[in-house]
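Engineer: Sharing a structure with you now.
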């Protein structure tokens with residue numbers, strides 16, 4: 001029996017968008033799952049207080065509370081260096097705002113040509129919503145790729161909830 005390979009703790013919870021899940025190890029968040037996250041037999045019934053507070057903040061955000069999650073204890077050690085830089089730059093894009101993939105590339109000292117690599121890193125974001133990959137759009141403002149459940153429809157819903165100005169094509 002290998003106890004050192006233990007899975008991070010996890011808890012599921014209801015939100016206005018559906019059932020989400022959050023995982024943590026020690027005092028760091030390892031993953032966040034957007035709806036519809038399936039409950040598992042090993043889910044924690046009573047998460048630690050720091051996780052319970054994040055769950056409350058997510059609930060407030062999803063009813064228009066415009067929470068900023070840049071202060072959360074993410075376990076960035078699990079992300080490759082480039083992705084870690086992308087996630088940190090994305091955390092600077094506050095509710096109600098958007099940025100382009102190229103702007104994120106520039107924020108981490110990369111040329112605009114790195115915008116596809118930025119998109120790939122955001123496509124594997126282990127903390128969607130918390131690390132607000134939904135706020136990153138094409139240079140011309142078009143909604144492109146969103147790997148979370150519901151795809152671009154969910155991205156648009158999250159942006160509208162946050163009060164972002166969206167333009168029809």
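The values are calculated or read from the model by the stated rules, or taken from the named source; none is laboratory data. None of these values were measured; they are calculated from a predicted model. For neighbour counting, all protein chains shown are included, and Cβ atoms are generated from backbone atoms with ideal geometry for every residue, glycine included.
Engineer: Out of everything in the range 77-91 that is touching a helix residue (DSSP H, G or I) at 6+ places or on another chain (Cβ under 7 Å) and surrounded by fewer than 18 Cβ atoms within 10 Å (Cβ to Cβ), what residue ends up being nearest to residue 111 (Cα to Cα)?
Structural biologist: Checked the range 77-91; the qualifying residue nearest to residue 111 (Cα to Cα) is 82.
For (1) in a helix (DSSP H, G or I); (2) assigned by TED's automatic domain parsing to the domain that holds residue 34; (3) in contact with a strand residue (DSSP E or B) (Cβ under 8 Å, 6 or more places away or on another chain), each residue gets a yes or a no:
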| site | (1), (2), (3) |
| --- | --- |
| 83 | yes, no, no |
| 88 | yes, no, no |
| 96 | no, no, no |
| 109 | no, no, no |
| 114 | yes, no, no |
| 122 | yes, no, yes |
| 153 | yes, no, no |
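Residue-by-condition table, conditions (1) under 29 Å from residue 27 (Cβ atoms); (2) at pLDDT 95 or above; (3) crowded, with 19+ Cβ neighbours inside 10 Å:
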| site | (1), (2), (3) |
| --- | --- |
| 95 | yes, no, yes |
| 104 | yes, yes, yes |
| 107 | yes, yes, no |
| 119 | no, no, yes |
| 133 | yes, no, yes |
| 145 | no, no, no |
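Engineer: Let me ask another. Quick check on my filter: what residues within the range 109-130 are over 10 Å from residue 86 (Cα atoms) and under 13 Å from the mean Cα position of the chain (by Cα)?
Structural biologist: Scanning the range 109-130 gives 123, 124, 126, 127, 128, 129, 130.
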